[in-house]
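Engineer: This is the structure I have questions about; it appears just below.
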Amino acid sequence: MNRRNVMFTGAAFMGLLALAAACGGSNGYGSPGGPPAQSATLMVATDARLGGHLVDGNARSLYYFAKDVPAGGAQAAVSNCNADCLPVWPIFHADSVVVQGINAADVGELTRSDGSKQTTYKGFPLYYFAGDTAAGDAKGEGLNGLWYVVHEPAYSIALLSKAGEAARYLTDGAGRALYFFARDTVGTSTTPPVTACTSAGCMTNWPIFLTDQVTVPSDLVAADFTVYTRADGMQQSAYKGHPLYYFVGDTAPGETNGRAIPDWQTIDPAAL
């Protein structure tokens, strides 16, 4: 398990609360209901460990929360980091955002349940980590298996976790759930997978997932994702030898309606 996947307790938690309060409201820091920054910059920083990831104009790392629901289509983003969470994970928001090295069209905004605003990037609400005390820090990466820097170029495969559930599940970079089929033959280091989803009806309901570029959060291993050629000549991505699919009944990020179908399930990386 990642050493960061621990909960803050006692003096360490109180210290972070004090630190979060000390961060004030500048450059997007602050508590809901406080005055937002008038303007802020979003740009990309690069380091050897994490690669390219989103930061503000002061090189403060920005994160996504796996419990959130990303925006997609007509669905607005939903933040599930609330009162007990926000002192440690202050929101990023500014009335005006200046972008450097990213597409301004990927920057959005959500209205939180308390009426305050929060900036989003590619549909994901943005946060700071109160434990990052210096420019370039990314100490929140992988914390509790739920917090990850916002990679740029974007993750091609990400992790989400539904509210009320402990397990995480694999998604594409936009937060659309990925599935495995229990009837498939799992691939090994010497043999490719074999899919049992070959009929027109199955492939319509369970479209193939394929990505040639594997960019993943630090709790995943890129080498665990492979591409193989199916018997029909099509290519498909697999995770630890399990072919990966979408479900046609999932129409927005964060949906996992395919779990109700026998032999199909979302993918908890810890369970494979």
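Engineer: Please state which of the following conditions Val216 fails to meet, knowing it meets all the rest: (1) under 22 Å from the mean Cα position of the chain (by Cα); (2) part of a loop (DSSP other than H, G, I, E, B); (3) free of Cβ contacts under 8 Å to residues at least 12 places away in the same chain.
Structural biologist: (3)
Engineer: Just checking, which of Thr195, Thr266 is over 22 Å from Pro70 (Cβ atoms) and of a type in the set (Ser, Thr, Tyr)?
Structural biologist: Going through Thr195, Thr266 in turn, just one is over 22 Å from Pro70 (Cβ atoms) and of a type in the set (Ser, Thr, Tyr): Thr195.
Engineer: Can you name the residue in segment 110-125 that is touching a helix residue (DSSP H, G or I) at 6+ places or on another chain (Cβ under 8 Å) and not aromatic (Phe, Trp, Tyr) and, of all such residues, is farthest from Gln75 (Cα to Cα)?
Structural biologist: Among residues in segment 110-125 that are touching a helix residue (DSSP H, G or I) at 6+ places or on another chain (Cβ under 8 Å) and not aromatic (Phe, Trp, Tyr), the one farthest from Gln75 (Cα to Cα) is Thr119.
Engineer: Determine which single condition Thr133 fails, assuming it passes every other condition in (1) within 16 Å of Met43 (Cα to Cα); (2) in contact with a Leu (Cβ under 8 Å, 6 or more places away or on another chain); (3) surrounded by fewer than 22 Cβ atoms within 10 Å (Cβ to Cβ).
Structural biologist: (1)
Engineer: Considering each of Thr198, Thr204, Thr171 in turn, give the residue that is buried (at least 21 other Cβ atoms within 10 Å of the Cβ) and either at pLDDT 95 or above or part of a loop (DSSP other than H, G, I, E, B) (or both).
Structural biologist: The match here is Thr171.
Engineer: Just for segment 174-195: of the residues that are within 16 Å of Pro269 (Cα to Cα) and outside any loop (DSSP other than H, G, I, E, B), which one is nearest to the chain's Cα centre (by Cα)?
Structural biologist: Checking each candidate, the answer is Ala177.
Engineer: Out of segment 169-226, which residues are farther than 30 Å from Gly52 by Cβ and of a type in the set (Asp, Glu)?
Structural biologist: Asp184
Engineer: Here is a follow-up. Restricting attention to segment 241-257, which residues are within 20 Å of the chain's Cα centre (by Cα) and either at pLDDT below 95 or of a type outside the set (S, T, N, Q) (or both)?
Structural biologist: Across segment 241-257, the qualifying residues are Leu244, Tyr245, Tyr246, Phe247, Asp250, Ala252, Pro253, Gly254, Glu255.
Engineer: Select from segment 155-164 the residues that are at pLDDT 95 or above and part of a loop (DSSP other than H, G, I, E, B) and write down the one among them that is surrounded by the most Cβ atoms within 10 Å (Cβ to Cβ).
Structural biologist: In this case the residue turns out to be Tyr155.
Engineer: Is there a residue being surrounded by fewer than 18 Cβ atoms within 10 Å (Cβ to Cβ) and at pLDDT below 95 anywhere in segment 220-231?
Structural biologist: Scanning segment 220-231, I find no residue that is surrounded by fewer than 18 Cβ atoms within 10 Å (Cβ to Cβ) and at pLDDT below 95, so the answer is no.
Engineer: Looking at segment 56-80 only, could you name the residues that are buried (at least 21 other Cβ atoms within 10 Å of the Cβ) and more than 16 Å from Ala158 (Cβ to Cβ)?
Structural biologist: Asp56, Arg60, Ser61, Ser79
Engineer: How many residues does segment 175-195 hold that are in contact with a Gly (Cβ under 8 Å, 6 or more places away or on another chain), crowded, with 18+ Cβ neighbours inside 10 Å and among the aliphatic types (A, V, I, L, M)?
Structural biologist: So the answer is 1.
The values are calculated or read from the model by the stated rules, or taken from the named source; none is laboratory data. Just so you know, these numbers come straight off a predicted model, no measurement behind them. Every residue, glycine among them, receives a Cβ derived from its backbone with ideal geometry; neighbour counts consider all protein chains shown.
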